[in-house]
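Single-structure report; data block below.
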Amino acid sequence: MPIWEAEFPQPVKADVVSEVGGSAQVKLKMLNRLRRPGDGDCGICYEYAVHDAIKRGNPQISERVHDALSKHLKVPGTALESILFGAEKNGTKQLIDTAEELLTDDSRLLTGRQAQPPKLKNYLSMLAAAFRRESTRKSLPTSINGLWKADLFLGHTDSDRWVGTTVKINPRQLEAANGLRVGIVPASQGKSDLIVKDEAKNLIVCPLPYDGSFMEAFYNAWGIVQQFLFADAQLPREVALSIPSHRQVARELERRRDFPVIDVIHALTPLAQPHLLKTEAQNKSLIITGKEPSLTETLIAPVSIQTD
């Protein structure tokens, strides 16, 4: 199930959403009236966009993440997968249920310590609880007592090995924590996007490409949606959205303002023209196959509503 179908993950209370018939019935024109904007909205949408890109095999992202896991952390396997965690963003039960669909009783969490890797499935509930209770954090094994800060668990399902991952829209907010092995951040515009190890934080830092790539599309999408919502789901003034292609996206949204948000996303997905994404098999262990486009590729940032 696509992440946006299960629940909106960000600033509107569940009881408010229920008043309009639940998240599946929230019309596009009502979204800005129901949401409560916050400083962390862009970062939360970035985490969801990264997760969605990996789930859908976006080659701009999947190949880089695979390299970070295989070449830098020596995680065996080729079938890349992402599990959304981030216990502060959504109902804990839903996150755990989603994770358990991919994990097995032998799914191991690679911590970088010289010890038997812990079984991830056994600790999911504790990690989710540790976000809110310091006492639970103290009861976790030392090797993973910072893993409650994870946003994703990345791994290869064919080897059943996983690593804790933090995703930050601001690279300066990356922080070390026991159990975290990978940090995903935007690349600096016009600068190197090489995958490197931050020795001080003990993190493999995986910058996502900017110019003409994933980050540029994400920020364009974020800007279009923000301007559209600020204009009360109408076409923004030209001074607010001056690029013709961006205005065209806003027009497509405006025409569908009386439809539920989820239906609008489904309706616009084919306009991303996924067949134009050309991939080629090379001498690499990871092969990306054609899948539906991500929200970033359709120039629609993930919409989210907080439920706690």
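The values are calculated or read from the model by the stated rules, or taken from the named source; none is laboratory data. In this text the structure is predicted, and so the values were computed from the model without any measurement. Using ideal geometry, Cβ is built from the backbone for each residue, glycine included, and neighbour counts are taken over all protein chains shown.
Details
- Filtered residues of the stretch 144-203 (kept if out of contact with any Pro (no Cβ under 9 Å at 6 or more places or on another chain) and of a type in the set (Asp, Glu)): Asp151, Asp160, Glu175, Asp198, Glu199
- Matching residues in the stretch 124-179 - criterion: being over 29 Å from Met215 (Cβ atoms), surrounded by fewer than 17 Cβ atoms within 10 Å (Cβ to Cβ) and β-branched (Val, Ile, Thr): Thr142
- Qualifying positions in the stretch 97-120 - surrounded by 12 or more Cβ atoms within 10 Å (Cβ to Cβ) and assigned to a helix (DSSP H, G or I): Asp97, Thr98, Ala99, Glu100, Leu102, Leu120
- Being at pLDDT 90 or above and buried (at least 19 other Cβ atoms within 10 Å of the Cβ) is a property that Val50 has.
- Criterion violated by His156 - all others in (1) under 22 Å from the mean Cα position of the chain (by Cα); (2) modelled with pLDDT under 95 satisfied: (2)
- Where Ala187 falls short, out of the listed (1) within 21 Å of the chain's Cα centre (by Cα); (2) touching a residue at least 12 places away in the same chain (Cβ under 8 Å); (3) exposed (fewer than 15 other Cβ atoms within 10 Å of the Cβ): (3)
- Of the criteria (1) basic (Lys, Arg); (2) buried (at least 20 other Cβ atoms within 10 Å of the Cβ); (3) assigned by TED's automatic domain parsing to the domain that holds Met30, which one Arg237 fails: (2)
- When the stretch 210-222 is filtered for residues that are of a type outside the set (A, V, I, L, M) and either in contact with a strand residue (DSSP E or B) (Cβ under 9 Å, 6 or more places away or on another chain) or surrounded by fewer than 18 Cβ atoms within 10 Å (Cβ to Cβ) (or both), the ones remaining, listed by number, are Tyr210, Asp211, Gly212, Ser213, Phe214, Glu216, Phe218, Tyr219, Asn220.
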